[in-house]
Amino acid sequence: MGICDIPSQSLLSDRELFRARVQQAIDISRSSGAQVAVFLIDIHRLYEICSSLPGREAEGFLHELASRVRQVCPPDHVAGRIRLDEMVVLLSRTTREEVNQVGEALLRTLKVPVSVGLTGELRLTASIGVSLLPKSNPTVTHLMRRADAALGMARRSTGERLFLYDSAAEEAEMRQAELERELRNVLVTGGLYLEFQPIVHLNSGAMTGAETLLRWRTEDGGLIMPGTFVPLAEHAGMMTAIGGWVFREACRQWTTLEGHERLRLAVNVTASQLADPQLLDVVEAAVGETGINLDEVEFEITENTLLREDPRSIQQMYALREMGVKIVVDDFGTGYSSIGYLRRFPVDRLKIDRSFVMNIPESQKDCALTRAVLAMSEHLGIPTVAEGVEREEQRRFLDRHGCSEAQGYLFSPPVKMNVLATLPVLKRV
């Protein structure tokens with residue numbers, strides 16, 4: 001059973017054949033104690049690539065992929081193509097060490113460009129999910145489901161794009177599932193709350209605004225930070241509902257702050273929120289409920305969200321600007337594409353990512369990068385905010401090189417609204 005032998009119209013029968021081979025390996029494992037592993041390999045755009053190539057070139061392309069798999073797998077492996085974009089490999093009588101070695105070898109060999117035709121070359125990207133036979137429920141279905149789950153985790157990874165589903169991964173998945181269940185009820189149970197971190201003018205030291213930060217206190221009293229639960233909420237399709245609550249609640253609390261009309265309320269907006277067709281209605285509803293002036297509001301959007309250049313998101317950014325909302329690029333400097341979007345998008349402010357700030361002035365490289373960002377923003381006429389300022393020497397460096405504002409523990413940690421109203425930086429406005 002080889003990859004190049006499986007046309008797309010016979011995928012169903014070949015899935016059944018592969019499952020039969022997996023069952024045979026499991027039966028042998030029960031008597032011998034040997035390990036069984038299934039690799040699901042997602043070659044990004046595999047079906048699209050094959051469909052776009054002439055018949056002979058498509059066949060040669062698949063033969064090349066099959067050859068590469070054979071070269072890195074042990075002789076008794078079984079390989080096939082059971083979905084339009086996915087290949088599968090079965091290792092029987094294997095070991096954990098061999099599984100790791102094969103996974104790494106597959107990633108390496110699939111990264112090498114594939115020659116197509118006389119002069120063409122295809123650069124491939126792959127994600128690989130690996131499942132080891134579980135002791136608790138050693139069935140074909142369970143093994144394949146775990147491989148599917150591992151592939152999903154590999155696709156979401158920003159690293160080597162290889163994920164091995166073992167007992168530790170199972171515990172992590174169970175914890176993620178538990179968190180997701182709790183998160184689905186959190187708007188009812190009231191576990192979410194907001195804190196605000198002041199944004200300070202570097203020259204005067206006065207507060208000019210505050211960033212809204214979401215927190216989650218679980219039923220058992222544990223505190224979960226956004227870096228953990230926001231990606232989970234995005235993946236589960238819950239972020240638009242949570243984001244709507246955050247914006248309404250932030251506006252409600254903000255309008256209780258004395259002097260808020262002279263300050264800016266910054267609220268983080270995720271990619272799914274920005275693309276949500278109901279976003280403008282959410283904003284208008286919050287204005288009606290709280291009476292907030294949208295000239296006070298900033299939406300912080302990560303650089304990588306902007307780099308997607310989603311047409312709906314771009315349209316909504318311009319609509320938000322017309323309503324009075326300012327657009328701030330968050331985590332600036334961490335993206336991997338051209339910064340030409342600064343000319344195309346309605347950007348009012350840049351937030352320099354904390355990864356640049358944390359090592360200045362000690363790191364010459366980070367100092368040079370920060371100076372370059374500040375010089376560019378000055379040339380474009382875009383004000384800047386530096387994140388993660390914790391030391392006085394960082395503040396002096398940023399002020400000396402033209403940074404407008406900053407936030408960080410040097411000025412104040414994130415605090416609840418009743419504490420924000422008492423901070424000295426606010427009193428100097």
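Within region 25-47, the set of residues being out of contact with any strand residue (DSSP E or B) (no Cβ under 8 Å at 6 or more places or on another chain) and either at pLDDT below 80 or not acidic (Asp, Glu) (or both) comprises Arg30, Ser31, Gly33, Arg45, Tyr47.
Of everything in region 343-360 that's touching an Asp or Glu at 6+ places or on another chain (Cβ under 6 Å) and under 16 Å from Met376 (Cβ atoms), which residue is surrounded by the most Cβ atoms within 10 Å (Cβ to Cβ)? Ranking the candidates gives Lys351 first.
Every residue, every condition in (1) surrounded by 21 or more Cβ atoms within 10 Å (Cβ to Cβ); (2) touching a helix residue (DSSP H, G or I) at 6+ places or on another chain (Cβ under 6 Å); (3) within 20 Å of Met153 (Cβ to Cβ), yes or no:
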{"position": "Ala37", "(1), (2), (3)": "yes, yes, yes"}
{"position": "Gly60", "(1), (2), (3)": "no, no, no"}
{"position": "Ala66", "(1), (2), (3)": "no, yes, no"}
{"position": "Gln71", "(1), (2), (3)": "no, no, no"}
{"position": "Met87", "(1), (2), (3)": "yes, yes, yes"}
{"position": "Pro113", "(1), (2), (3)": "no, no, no"}
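Meeting the requirement of 3 or more residues that are farther than 18 Å from Ser313 by Cβ, the helices (runs of 4 or more DSSP H) wholly within region 331-382 are 354-357, 364-380. A count restricted to region 273-327 and to residues that are under 22 Å from the mean Cα position of the chain (by Cα) and among the small types (Gly, Ala, Ser) stands at 2. Assess whether Arg217 counts as being in contact (Cβ under 8 Å) with a residue 24 or more places away in the chain, of a type in the set (D, E, K, R) and out of contact with any helix residue (DSSP H, G or I) (no Cβ under 6 Å at 6 or more places or on another chain). Spelling it out, Arg217 is indeed in contact (Cβ under 8 Å) with a residue 24 or more places away in the chain, of a type in the set (D, E, K, R) and out of contact with any helix residue (DSSP H, G or I) (no Cβ under 6 Å at 6 or more places or on another chain). Taking strands (runs of 3 or more DSSP E) as the structural unit, those lying wholly within region 67-159 and holding at least 3 residues that are at pLDDT 90 or above correspond to 86-94, 126-132. Taking the criterion of being under 16 Å from Ala266 (Cβ atoms) and surrounded by fewer than 21 Cβ atoms within 10 Å (Cβ to Cβ), the only residue of region 387-410 that qualifies is Gly388.
For Ser313, indicate whether it is of a type in the set (Ser, Thr, Tyr) and either assigned to a strand (DSSP E or B) or under 26 Å from Glu234 (Cα atoms) (or both). Yes, satisfied. Exactly one residue out of Phe196, Phe247, Phe229 is of a type in the set (Phe, Trp, Tyr), open to solvent by less than 30 Å² (accessible area, probe 1.4 Å) and touching a Phe, Trp or Tyr at 6+ places or on another chain (Cβ under 7 Å), and it is Phe229. Out of the residues in region 286-296 that are farther than 12 Å from Val325 by Cα and touching a Lys or Arg at 6+ places or on another chain (Cβ under 7 Å), state the one that is least open to solvent (accessible area, probe 1.4 Å). So, considering only residues that are farther than 12 Å from Val325 by Cα and touching a Lys or Arg at 6+ places or on another chain (Cβ under 7 Å), the one least open to solvent (accessible area, probe 1.4 Å) is Ala286. Out of Ala266, Ala319, Ala286, one residue alone is in a helix (DSSP H, G or I), within 30 Å of Leu423 (Cα to Cα) and not acidic (Asp, Glu). It is Ala286.
Of all residues in region 254-271, those that are surrounded by 18 or more Cβ atoms within 10 Å (Cβ to Cβ) and either at pLDDT below 90 or closer than 17 Å to Met207 by Cα (or both) total 7. Residues that are modelled with pLDDT of 80 or more and hydrophobic (A, V, I, L, M, F, W, C) were ranked within region 1-24; the one that is farthest from Thr141 (Cα to Cα) is Leu17.
Scanning region 218-236 for residues that are in a strand (DSSP E or B) and over 16 Å from Ala177 (Cβ atoms) turns up just one, Leu223.
The values are calculated or read from the model by the stated rules, or taken from the named source; none is laboratory data. What you see is a predicted model, and the numbers here were worked out from it, not measured in a lab. In this analysis, Cβ positions are derived from the backbone assuming ideal geometry, glycine residues included, and neighbour counts consider all displayed protein chains. Just so you know, the surface numbers come from the protein's heavy atoms only, side chains and all, with ligands and any DNA or RNA stripped out. Shrake-Rupley method; radii C 1.70, N 1.55, O 1.52, S 1.80 Å.
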